[in-house]
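A short worksheet on the structure shown next.
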Amino acid sequence: MHERLRRAPVGVITVASDGSILDANVTATSLLGMSNDPTGEPVGETFPRSVEDSLPVAFEGNSVSETTFEEYYPNLERWLSVSVEPVGTETVVYVQDVTAQRRRKQSVERLENERNRTAVIDRVQAEILGELVSASSRTEVAETICQGLGETALYEFAWVGVRDIGSGDLTVEAVAGDTGQMATAVRESVASETGLTIEERAVVEGQLQTAQPLADSERIPESVRVAGFADGVQSALAIPLVYGSSVHGVVGVYASGTEAFSERERTSFETLGEVAGFGVTAARNRNLLLSDTIAEITFEVGTGSVLARMSRSFDTAVRLGGLVHSGDEELLCFVSVVDCDARTVQSRASDVDGIAEARVIDESPQGGTVELRIADSTPLLGVASLGGTVRRGSFDGGTGELVVDLPPDTDVRRVVGTVSEEYDAEFVAKTERERTVTTAREFRDELDERLTDRQQTALRTAYLADYFESPRGSTAEEVASALDISDSTLLYHLRAGQRKLLDTYLAEDAVRE
């Protein structure tokens with residue numbers, strides 16, 4: 001072997017016409033893991049075995065085939081580029097380690113495939129989210145998700161399970177891609193009482209769950225793993241349908257491939273679960289708002305209610321004026337207190353278990369109005385999670401009464417059972433109430449009667465001048481100048497008019513979320 005070839009940075013092996021090795025440089029013996037001098041050994045037996053085993057094929061027969069290939073060599077844990085070139089009566093085999101290049105190429109291809117896949121997923125999810133906005137029922141929400149996921153080439157099977165209000169068990173609401181053995185195996189596993197499936201665990205914990213590869217996950221029931229092997233399904237994802245502190249159900253998605261759900265995809269699916277959970281809640285609220293009749297349920301509550309505990313702690317009557325969701329597990333409650341100093345309530349409210357902080361809104365010799373931030377399990381949140389709306393609430397001496405509105409299609413018995421069991425509440429009465437229908441014309445007429453001419457003029461001028469837009473089209477000074485009044489006078493009329501507008505709109509719904 002020429003000295004330049006012996007010092008070459010690539011492996012060089014010369015082979016005789018009978019297939020035996022004549023010489024090999026140091027680079028070749030190092031790359032191929034040869035501990036002994038290979039001279040005289042058959043090249044086909046000395047050269048490591050690759051997956052395709054192309055080198056021995058090149059030396060078969062009476063002549064050597066010129067060829068170049070890249071193959072993976074498991075024993076070496078390397079990718080090698082091999083070139084076989086006949087030169088006269090001999091053959092030269094050139095060997096080069098291309099592992100780094102192959103891994104870079106694979107990484108680029110993997111990232112490109114993930115990017116393309118994510119783009120498809122984002123498009124599918126955008127279509128689903130767009131349709132969820134107009135969904136009018138829990139069933140429609142479930143079917144929208146299943147059709148969007150289960151009927152694409154991305155996933156093999158998708159289903160939506162909803163949480164039974166009374167027992168917390170999952171029942172199948174919608175299925176798509178129901179082929180092979182997987183769907184049946186999942187249904188049977190959810191119905192059995194031997195351990196939790198990843199869908200049930202997602203509902204219990206309120207967190208997204210994954211299992212990939214499916215066959216190696218001990219969290220997956222054996223029957224599902226067997227069915228997955230038969231159907232070519234190797235990855236599973238369970239997405240809880242969450243809104244605030246409420247978990248309405250779960251989406252189960254199954255796909256081929258051992259790592260079908262990347263971190264980015266899981267983040268997208270978490271968003272889908274949150275929007276779907278909001279969709280279920282919105283559909284319930286929409287049904288309540290559009291119903292001609294309402295089921296009005298009265299509960300007596302005890303220490304399970306923060307406001308009942310507050311009434312006992314301060315020895316005062318507490319009336320719920322309104323409530324607003326301010327976080328996953330938090331409510332802002334606006335309450336009035338009677339025969340109790342509002343400042344005292346503010347300073348000592350955190351002593352009551354469940355109240356994070358308090359702020360005085362207004363005060364009077366008889367009491368006042370206080371804003372409470374409640375961070376605790378409470379029937380106020382519970383009712384909202386079950387599709388109801390708190391109509392009014394009053395508390396005194398450690399007990400209280402809640403009046404709740406439910407849509408007419410609600411399973412009242414299950415709602416009553418859940419609230420009673422989880423929040424120390426006692427069912428008192430149920431009545432059917434006709435909703436008072438107010439037309440847009442009647443709404444305007446009522447406002448016209450309540451607003452003064454100056455207030456109407458100020459509101460209309462500010463509205464048409466885009467004062468209420470963001471960013472504002474006109475400043476308060478510009479609107480006031482147009483009306484030839486002072487800034488302070490304009491703001492006075494605007495506040496008074498806005499207050500009357502909000503009173504008319506919100507008065508009957510003061511304690512609605």
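The values are calculated or read from the model by the stated rules, or taken from the named source; none is laboratory data. A quick note: this is a predicted structure, and the numbers were derived from the prediction, not measured. Glycine also receives a Cβ, built like all others from the backbone with ideal geometry; neighbour counts cover every protein chain displayed.
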Worksheet item: Among (1) at pLDDT 75 or above; (2) under 24 Å from Thr418 (Cβ atoms), where does Ser313 come up short?
Response: (2)
Discussion item. When you check Ala255 against the structure, is it free of Cβ contacts under 8 Å to residues at least 60 places away in the same chain, closer than 24 Å to Glu143 by Cβ and not acidic (Asp, Glu), yes or no?
Written reply: no
Worksheet item: Could you say whether any residue in the stretch 8-23 is touching a helix residue (DSSP H, G or I) at 6+ places or on another chain (Cβ under 7 Å), surrounded by fewer than 12 Cβ atoms within 10 Å (Cβ to Cβ) and either in a loop (DSSP other than H, G, I, E, B) or not assigned by TED's automatic domain parsing to the domain that holds Thr89 (or both)?
Response: yes
Item to complete: Looking only at the stretch 104-122, decide whether some residue is at pLDDT below 75, within 23 Å of the chain's Cα centre (by Cα) and among the aliphatic types (A, V, I, L, M).
Response: yes
Item to complete: Find the strands (runs of 3 or more DSSP E) located wholly in the stretch 202-258 whose residues include 1 or more that are at pLDDT below 85, on the phi < 0 side of the Ramachandran plot and not charged (D, E, K, R), and list them.
Response: 235-243, 246-255
Discussion item. Given the condition touching a Leu at 6+ places or on another chain (Cβ under 6 Å), buried (at least 16 other Cβ atoms within 10 Å of the Cβ), assigned to a loop (DSSP other than H, G, I, E, B) and at negative phi, answer yes or no: does some residue in the stretch 32-47 qualify?
Written reply: yes
Worksheet item: Based on what the data block shows, is Val57 assigned to a loop (DSSP other than H, G, I, E, B), among the aliphatic types (A, V, I, L, M) and in the same structural domain as Ala16 (by TED's automatic domain parsing)?
Response: no
Item to complete: Tell me, please, whether a residue that is out of contact with any Leu (no Cβ under 8 Å at 6 or more places or on another chain), under 29 Å from Ser313 (Cβ atoms), at pLDDT 85 or above and not polar (S, T, N, Q) can be found in the stretch 406-422.
Response: no
Practice prompt. With the condition kept exactly as written, say whether any residue in the stretch 60-77 is modelled with pLDDT of 85 or more, of a type in the set (Val, Ile, Thr) and either assigned by TED's automatic domain parsing to the domain that holds Ala28 or in a strand (DSSP E or B) (or both).
Written response: yes
Item to complete: Tally the residues that are in contact with a helix residue (DSSP H, G or I) (Cβ under 8 Å, 6 or more places away or on another chain) and modelled with pLDDT of 80 or more, restricting the search to the stretch 277-305.
Response: 6
Discussion item. With the requirement that a residue be touching a residue at least 40 places away in the same chain (Cβ under 8 Å) and within 15 Å of Ala16 (Cβ to Cβ), what does the stretch 33-46 give you?
Written reply: Val43
Item to complete: Pick out the one residue from Val124, Val93, Val120 that is among the hydrophobic types (A, V, I, L, M, F, W, C) and in a strand (DSSP E or B).
Response: Val93
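Among the residues of the stretch 369-403, count how many are in a helix (DSSP H, G or I) and either at pLDDT 85 or above or not assigned by TED's automatic domain parsing to the domain that holds Ser350 (or both).
Keep residues of the stretch 369-403 that are in a helix (DSSP H, G or I), which gives 379-385.
Checking the rest, the ones that are also either at pLDDT 85 or above or not assigned by TED's automatic domain parsing to the domain that holds Ser350 (or both) come to none.
Summing the residues that are in a helix (DSSP H, G or I) and either at pLDDT 85 or above or not assigned by TED's automatic domain parsing to the domain that holds Ser350 (or both) in the stretch 369-403 gives 0.
For the stretch 349-364, give me each residue that is charged (D, E, K, R) and either surrounded by 15 or more Cβ atoms within 10 Å (Cβ to Cβ) or assigned to a strand (DSSP E or B) (or both).
Answer for the stretch 349-364, where residues must be charged (D, E, K, R) and either surrounded by 15 or more Cβ atoms within 10 Å (Cβ to Cβ) or assigned to a strand (DSSP E or B) (or both): Glu357, Arg359, Asp362, Glu363.
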